[in-house]
Every structure is written in C-alpha cells, then in structure tokens.
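Below is one structure, written out as structure tokens; comments come after it.
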Amino acid sequence: MPRRTDLKRVLVLGAGPIVIGQGCEFDYSGTQGIRALRAEGYEVVLVNSNPATIMTDPELADRTYVEPLDLRAARAIVEKERPSAILPTLGGQTALNLALGLEDDGTLARLGIELLGARPESIRKAEDRALFKAAMERIGLECPRAVVARSLDEAKVALRDFGLPLILRPSFTLGGTGGGIVRTESELEAKVALALTESPTHEVLVEESLLGWKEFELEVIRDRKDNFIVVCTIENLDPLGVHTGDSITVAPAMTLTDKEYQRLRDAARAVMSEIGVETGGANVQFAVRPHDGAMRVIEMNPRVSRSSALASKATGYPIAKIATKLAIGYSLDELTNDLTSTSAAFEPTLDYVVVKWPRFAFDKFPGADDTLGTQMKSVGETMAIGRTFAEAVQKAARGLETGLDGLSPGSTETDVKRILELAARPNDRRLLHVVDALRVGASHEDVAQATAIDPWFIAQLQRIVDAERAAQAGGEAGLADADRMLYYKRLGLSDARLAKLVGSTEDAVRATREAASVKPTFSRVDTCAAEMPGTTPYLYATWEGASDDAPPALGKPKVVVLGAGPNRIGQGIEFDYCCVHAVAAARELGFEAIMVNSNPETVSTDYDIADRLYFEPITLETVLAICDVEKPDGVLVQLGGQTPLRLANALAARGIRLFGTNADAIDRAEDRGRFDEVLEKLGLQRPASAVARTRDEVHATAEQLGWPVLVRPSYVLGGRAMKIARTGEELDAHLALMPFDGEGSVILVDRFLADAIEIDVDSVSDGKRVVIGAVMEHLERAGIHSGDSATVLPPFTLGADIVDEIERVVRQLALELGVVGLMNAQLAVKDGKVYVLEVNPRASRTVPFVSKATGVPLARIATKVMLGKTLDELGITEQPLARHVAAKECVFPFKKLPGADTILGPEMRSTGEVMGVGETAARAYAKALRAIGVQLKAPRPGETAKALLSVSKSDRGIVVEIARRLRALGFSIAADKDTAAALSASRVPSEVLSAEASEAALRDGAMAVAIVTAEGDDEVARTRPLRQTALARGIPCFTTTALARAGCSALEDDDGTERVRSLQEWYALA
C-alpha cells in the first residue's frame, strides 16, 4: 500500500523528561519518526515537555509545543490543531497512556482523530496484565502462572497458590515502576500497596517465580500485509529477576539453540498477530528454562522501546523510521533499508557481538538499596561492538566511564566463598565479582550455581582471566610478541589494563604494541554480515583482518566530535543535544564531521547524523586510534561534558589540535589555584576559600573560614561528593564518604553563602567578543546543585543593575580565560554583591533550555565559532528579552531507589528536566510542575484540604507567609510543634502534630501537600520519614521554602484556563 493521502496533519506525542525506565531513546525514535513524516510531506505537530531533546528543536516539527504531557494540555492542543491522526508509539509509556486518556474521555471520537501505529484495543491488550494473559492463553502460549490483583486480599491468593517468591508487575507502568520481588510473607503488604499505587489502573499481576530462567527479547516488526521480521534477538546475561533495562544484554542471543530460536520467533509472530500490532515495531520478552527449553511469554511492548533503540544501533536497522512509515500506510516490501539499499523486509544478520551495560548512580543516593530486581534502577547505558563476546564486554566495561579499564577487579576480597556470595546478589558490580571468583579459582559450576548465569558466558569470562594470567606471567617483554599482543587485544584487553597487569604504563604499552605493528582495524555495521555491499559510514574497532575501507578523501577539512558517553546524573541528554548541533554546524561549514560515542539511546549515534560514526568507548586509546586513521584537522572536546574534557590535555600533548578553547584555558578554569589568580587579576569576588590536602588542613581551613563550609574534591561533575558542613562532626562524616586519599588529594573548601541567590549564565565567546545567551535565576537559594534547581529565565527578582553587573563579570572572565566557544558561569548574589562560584568553558546542561526558551541555537553558533568563524561574521548579537517566561524544573529517581532521601543539596541527583512557558513566572512554573507530575490543586469551595508544615529554624520566618497564602487558598494547616509555635506567634492557626502523627497523616492520605525542610545531618535524618512517606503516597512535598512559595504563586495564578502556544508562536510574539 502507498502512503495514506487522507492524512494531512499528524500530532506526535513525546515521552517527557528523562526518568529511570524512559530515557533518551525516545528522543532518538521521535526525531527519526518526525523526520520520516516530514519527508513524506505531512504537516507535523509535536508535544513534549523536555527541552533537552533534539525532537523539540523548533526546526524539526512544523509546530512544537513544550507543554505538560497531561490530558489538560493535550486536549487543548488537539482542539487547537485538529490533527488528522496522533502517533503515540514513539513516546514510550507516557505517550501510550496519554493517547488512551484521550480515547477514554471521548476527545478522539468527538474530533474524529485516529491513532496511528497501535489501536487503543491493542494498547490495552498488551499493557493490561489480565487482558494480555488471556490473549496468550487464546493462542496457546504459556505465561507464568499469575493472579491479577486489585487488592491485598486478591494478592494473597497468589501467595497461597504459588508460594514464595512472587513477582509483582503493575499494569501500564514504565521501567517496572512499582514492581518487585516478594521473598517473605512480611513484605507482601507493603510491596503490593506500592504496586497498586503506581499502576494507573490500580492493578498488579502477581506471578509465580521463574527466577533463574534465562530471559530473551525479540525486537520485531509487522505490517498490514502480515509481513513479519525479527530485527534482533537480545539475551540477558542476568537470569530472570533482574529488569532487562538493568541487565547486561548481548545481541545476537548467544545460548539459544536453533530450535529454541525458531520457537521464540514463531511465538513472537503469534503474539503480534493476536495483540493486533500491524503497523510498526514491538518488543516481546520470553523466559526459557535452561535444562529443558520450556518457554513462557513474559510481556510485550506495542511500541518502540529502550530495546528498539539498542536493536537499531546494534543492527543498523532504523526501526523508528520504518515503524513510522508503516503507520502511514506502507508495507515492509515497499520500503528500503538505507544501509544496504535492499528491501526493509530482509532480517538483519550480524557478524559481530554487541554488549549493552547499564550505568547506575547508587553513589548519589546513600542509603538506597543497590540490589537489582524487577523495578528498573539504571540511569543510562553504554553499548560496545566486537568480534567476540569477550572483546565486546570489555569494551562495554570501559564505556561505562566509571574508572574500569575492562573487567577490572570488583573488590579486594580473596576468599572464594565470600566472592561467590557477592556474585550471587545482583547489583551493579555483579559481573566484576563473577570474574573475581574465576580469578581466585572458583569452578564454573560454583559460579553458575551462585548466579544462574549461563555456563557459556562463564567460559568466555574464563578466557579473559586466562589471558590476564598469561600477560602477567610474560611481563612487559612478552607484549612485544605481535601474535601474543594480538591475542590479548582480541579478547578485549585494553592498553591500560595490560599496563596494570605487567606493571607498566599505558603509554609504554601503546608504544610496544605499535612497534609490533598491532593496530585496530575498523569494520562496518551493515545489517547483512557483509553479504551485500554496504556504504553506510557506521564503524567499530576490532582486531581482525583489514579495515573495511579507508576514510574517503573528499578534500574537506575534518573534525572529530567526542560525545558524552552513557547517560548519568550530571551528564545527560543535554550534552548529546550539543554534540548533534555541533555535527550539523560543522557540516554546514563544509567540514567532514566524525562522531565518536558509545550511547545507543541517543540521536548522535544514529547512522545518518554525521559523515562517519565510530561506535566506541571514549577512551584515550580509542580516540588516538581513530585520529590515526582519520587524520582530522582537529577535535571538539567542549560539547560532551566531562567525558571528552578529561582527555583534552592528553590529546593536546600528543599533537592533536583542539578546536575552540585550548587545554590550558580549560585548566585555568578548572584548577582552583589558577582560577583564583584569574579572579584576583580581574578584581572579582568569590566566597572565601582555600585548598586543603589533608584532613587536618580541611578542619583548620573550615575553622578559619567560618561555618558553614562547602567541601568537595577538585575536578568533579554533577557536584560529585560535594557537601555542606555546619560543624566539625558533620565535616568528619562527609570526609569519610569522599574519595579522599590523604596525600595527593585536593579538597576545596568554600565559605558557604547562606540565603544567596544563585545565577547561571550561558555565553558564547570568539576570543574577542562575548554574547550572553541568557541569565537564569534559580528559585532555590544557594546550596542546591544548579542541575537540581528550578530555574527561571529571565531573572524575576534581580534589578537591572545587578543583571548588568553579572553580564559584565561573565564577559571579563570569558575574555581573560581566552574562551572560544561556550562558557557557563555560576554566580551568587548576596547583599547586592556578585560572587563568582565557578566557570566551565564548555557546553553546560542548561544550553538546550536556553536555546528553546530564546530560539537562539547556542551550541550551533558556538561550534561555528570554534571552527574559526567570528560572532561578527555569523551576525550574532544579543537578542532583546522575550516577552514570555521559561521555567525549568527537574525530575528525580527517588521512587525507583527505596531508602533514598528526597532532600536536595550540593550534589546533583536529578535524571532529567522539563520546561514550562507562560506569560508570567508563576504560569511558567505551574506548567513545569505539571510536567514533572506534581498535581498541585487548591481546594474548591466547600472542599477541605490540609497542608503539613515542618520546617527548620531558619525557615520559620518565611513559613508564616507561606501558611497565610495557603490558608487564603483554602487549606487548613497542620504543623510540628516548633513550626506551629512560629505560626501561632504570628496569629496563624494550625493543628499541632507529633512526628509520628504527621507520618501517619501522610500515610493515610490526609494531607494534600507537605512542606518539609531540614538543616544539618541530625535534622535531615529526623525528618526523612516524612519526606519518604509523602513520596510513597504521591503527595507533593516541597523540601525548600523557595519552591513552596513558587508553588503558592502557581496556585494563586491558576484561573482554570488552559493556554497553549507553540515555541514558534512564542518566538513570533517576542
């Protein structure tokens, strides 16, 4: 069938902010889908709340609504736009649930709007656990025995019938939210209650345990003609019981027999037909019992998913693009695979192995349980390609960027029994413990018994261990043997790992290897195992044979763009956004743009973004090898966050040109002593500070500066290990948690500016002139990491004279440092004085937000400047302030990490962000609150609602104003004893509650909103149960009075009218 001509305008639903279970893979799929729709001539409208995405760039869709992904906003947009159809299958679970909401409330039927890609009944059949189970039974496929429960009593039926352990799978959730494993009867009530709360339909599937079975995923596509293909098979290295998003996975499946694979393939096809997915991609998950091959269907996603992104990057097959084309009428046989120019109905074939390794952030959440289960906890992932599993898994370990140079030791433990106990518990270091067990002599049978990992994988890991022993035995001299070195490299042993094994240095090992003429070759990802000619420039490094072909000599200058690696807290999708813009800018200037990255979820690693893509970990060894082959004119390190910056000095030292700000300027900004010299030269103020190298020096410095102090290691990202200490005891506690190694360590100690207003400024400099992109004001006062703080643009409490001074300071700093490209400055304003906190001469996480709020593509402009253009040549001047206000708010992973406290501080903890736009700061922030899922509502006349107030001593003056405003909105007030006393002194009535009574009131849902602040470790610990209970019950809980005041303003400004405008309309109004 040809494309449909009855469709004119298509509304694409995005996925919203980056959260655990729904990451930047939906920016990749959404971007690919929108580009496909526009290429077919359709008018495309997008709604998404995430400003950090490529898909919300105003030039991508015809109209871009950065609005909350809730029914209120969606209804207003479809009423205004009247699309012919809505495409919900590119926006994850969020988009599917929103589409069903529009169906359920009658909006789609009333306006005659069609859902593309998945019919409502198909979505329900796949996502509703009871309907899915019944559907599988109709086609003769077995699911685990289960009970669909809507209450604790119904869940107890499963306990009686199946025994323990039990698996909980809530309906219509993402990333297994609310799911878990019930191992004891005492856990049942709390875990079922959580599961029912998290499910939008308040139902949970309570399954028998299949723990220890192998888990497989099939990424499949079906069209209206019943053409069906398997794009990729994916095998979880961890057995069933660990969420597939948290498991190390391998493609293609390694341990399936051909007969087992054919059974899974036939079953997946039957599932697709029964569910009714006939215009796109889906993911079907299976469990297989190791000893007899018995099979069970676990679940399916009737949309593109996290695994779709992985399968696309693993095979090169553009799943989102093909799924979009199928949704508008085409069939598979009518479409072409871009990589091979053959039919899209051909199934990809791999002649390499792909390994995905998730990245976690448990270090950011002391007290959080790091045991992995059915609820996803990872914040990102890396992918590696090699000719063997051993090579690929070691590359993936390096790609995590957690300090591993391969399968490095996971602990210093040497007792076999203890190491096997460590390996038996699934967590983020499990595979390292498995290898440790093999190193100390554990048998393959013992490891398999402890972990339920398939023996084939254990045998491959043993090969790595054996090679390490051989390298150690041969010493540095043994590495000079070319055959031996080649053997080690084919098993994935990096130069850095070999150096540690033989007691040498990475540089020395590299020199020995190159002297032996052992260099990597580069092979192409072509979807057909080289069966047909492939021309797509999508490459990976390996150590077999010759490279597929040399880079073509096009006579153009070349630039290598180093990406950001896996998503992690502190370095997320914002930096991938900057890299994509950098590639586009370079190509516009006539450069060949070469992308290096290891993140399978991102737009930057799509096959047609750059002139060439190297899917590789961003390590010195890899980058040098790529530069040796490509011989670029230079490298861009400013755009991918800390990942490429940490290579800047090493690359420069080896004669590789860095475009833009040079390595010395970066060091002047990053090194505390050198930066202080810059500030002194310019006469700029900063909080009193000092550098300490021992614990005694830290204490002496803190006493000298005066409490409270801010302490942190030098050269950190995302506020890593940054703490505020108010007493010597708190300082000792914080130092104990820091990566503090005594001699040689550098700890920065600052006088903390309490109650200061914190400011972010993004700018672009060409070395002679500086253009200010935006001055942003944080809603929270100093002490909250800038990446976690709500931010408003333009500033709404600062006078024009202060803003002018801020801009003057930023210009001075950029010119003095010699910045060429982007620079982010963080400043504080206290008592009318401007203090410099830090400067980062690179892309920042606020660049996409500023670009979307102002319509000025900062990253693209900065790249052109770094590649030699001046701001004058580009015609870039500072724009007049817009008439609208943009607010950025953050999302946090607290629900996925039981035990973590929700209170914020100087160490970053957010996973993503949203943007709200409005005529006033209050309206913009109200939109941002809705976009992160905070349902803040004032009681209607005749309704009653309570607000719980429990604040620290320093907040008791401000809380009086907040309480008065809440009462004016119709709330009654409950408070702890000390807060109530402060309210009473100002004649504000409140109900006094003890800590126990407050917690019970939150648990019972008797509170509509809570404000719980704390200062100091003791108070934080004492009030933690209130914040955690509010989180568990879904009650809005403000942990700073600044945000509580902003919340009051949002409520006061809400007149019930839904105002929606596209970014293009906001820009026109400006």
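Report whether or not Gly280 is in the same structural domain as Asp351 (by TED's automatic domain parsing), in contact (Cβ under 8 Å) with a residue 40 or more places away in the chain and on the phi > 0 side of the Ramachandran plot. Yes, satisfied. Residue count for segment 363-389 under the criterion of being closer than 21 Å to Thr451 by Cβ and surrounded by 19 or more Cβ atoms within 10 Å (Cβ to Cβ): the result is 9.
Being out of contact with any Gly (no Cβ under 7 Å at 6 or more places or on another chain) and small (Gly, Ala, Ser) is the filter; apply it to segment 644-660 and report the residue that is surrounded by the fewest Cβ atoms within 10 Å (Cβ to Cβ). That would be Gly655. Looking across segment 947-985, the residues that are surrounded by 15 or more Cβ atoms within 10 Å (Cβ to Cβ) and small (Gly, Ala, Ser) come down to Ala947, Ser950, Ser952, Ala963, Gly970, Ser972, Ala974, Ala975, Ala980, Ala982. Considering segment 171-229, the residues that are of a type in the set (S, T, N, Q) and either assigned to a helix (DSSP H, G or I) or in contact (Cβ under 8 Å) with a residue 40 or more places away in the chain (or both) include one that is farthest from Lys313 (Cα to Cα), namely Ser186. Candidates are the residues of segment 773-823 that are of a type in the set (D, E, K, R) and over 30 Å from Ile932 (Cα atoms); the one that is surrounded by the fewest Cβ atoms within 10 Å (Cβ to Cβ) is Asp801. Of all residues in segment 627-643, those satisfying the criterion of being over 15 Å from Thr382 (Cβ atoms) and either of a type in the set (Lys, Arg) or crowded, with 24+ Cβ neighbours inside 10 Å (or both) are Lys631, Val635, Leu636, Val637, Gln638, Leu639. Can you list the helices (runs of 4 or more DSSP H) lying wholly within segment 94-153 that have 3 or more residues being under 29 Å from the mean Cα position of the chain (by Cα) and closer than 22 Å to Arg224 by Cβ? Qualifying helices (runs of 4 or more DSSP H): 120-127. Among residues that are free of Cβ contacts under 8 Å to residues at least 24 places away in the same chain and in contact with a Lys or Arg (Cβ under 9 Å, 6 or more places away or on another chain), Pro989 is included. On the given criteria, is Leu897 in contact (Cβ under 8 Å) with a residue 40 or more places away in the chain and in contact with a His (Cβ under 8 Å, 6 or more places away or on another chain)? Here the answer is no, as Leu897 does not meet what is asked.
For segment 39-80, residues that are in contact with a strand residue (DSSP E or B) (Cβ under 8 Å, 6 or more places away or on another chain) and assigned to a helix (DSSP H, G or I) total 4.
For segment 818-846, a tally of residues being touching a residue at least 60 places away in the same chain (Cβ under 8 Å) and either in a loop (DSSP other than H, G, I, E, B) or touching a Pro at 6+ places or on another chain (Cβ under 6 Å) (or both) returns 10.
Do the conditions hold for Ala853, that is, is it aliphatic (A, V, I, L, M), surrounded by 21 or more Cβ atoms within 10 Å (Cβ to Cβ), assigned to a loop (DSSP other than H, G, I, E, B) and out of contact with any Ser or Thr (no Cβ under 9 Å at 6 or more places or on another chain)? Taking the combined requirement at face value, the residue does not satisfy it.
Here is a yes/no grid of residues against (1) surrounded by 15 or more Cβ atoms within 10 Å (Cβ to Cβ); (2) free of Cβ contacts under 8 Å to residues at least 40 places away in the same chain; (3) under 30 Å from Gly868 (Cα atoms); (4) under 33 Å from the mean Cα position of the chain (by Cα):
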{"residue": "Trp456", "(1), (2), (3), (4)": "no, no, no, yes"}
{"residue": "Leu461", "(1), (2), (3), (4)": "yes, no, no, yes"}
{"residue": "Ala467", "(1), (2), (3), (4)": "yes, yes, no, no"}
{"residue": "Glu476", "(1), (2), (3), (4)": "yes, yes, no, no"}
{"residue": "Leu493", "(1), (2), (3), (4)": "yes, no, no, yes"}
{"residue": "Ala499", "(1), (2), (3), (4)": "yes, yes, no, yes"}
{"residue": "Thr505", "(1), (2), (3), (4)": "no, yes, no, no"}
{"residue": "Ser517", "(1), (2), (3), (4)": "no, yes, no, no"}
{"residue": "Val525", "(1), (2), (3), (4)": "yes, no, no, yes"}
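In segment 104-127, of all residues being more than 20 Å from Thr279 (Cα to Cα) and either among the hydrophobic types (A, V, I, L, M, F, W, C) or in the same structural domain as Ala320 (by TED's automatic domain parsing) (or both), the one that is surrounded by the fewest Cβ atoms within 10 Å (Cβ to Cβ) corresponds to Ala109. Applying the criterion of at least 1 residues that are over 30 Å from Pro426 (Cβ atoms), modelled with pLDDT of 95 or more and out of contact with any Leu (no Cβ under 6 Å at 6 or more places or on another chain) to the helices (runs of 4 or more DSSP H) found wholly in segment 436-528 leaves 455-478, 482-490, 495-502, 506-515.
The values are calculated or read from the model by the stated rules, or taken from the named source; none is laboratory data. What you see is a predicted model, and the numbers here were worked out from it, not measured in a lab. We place every Cβ from the backbone using ideal geometry, glycine too, and count neighbours over all the protein chains shown.
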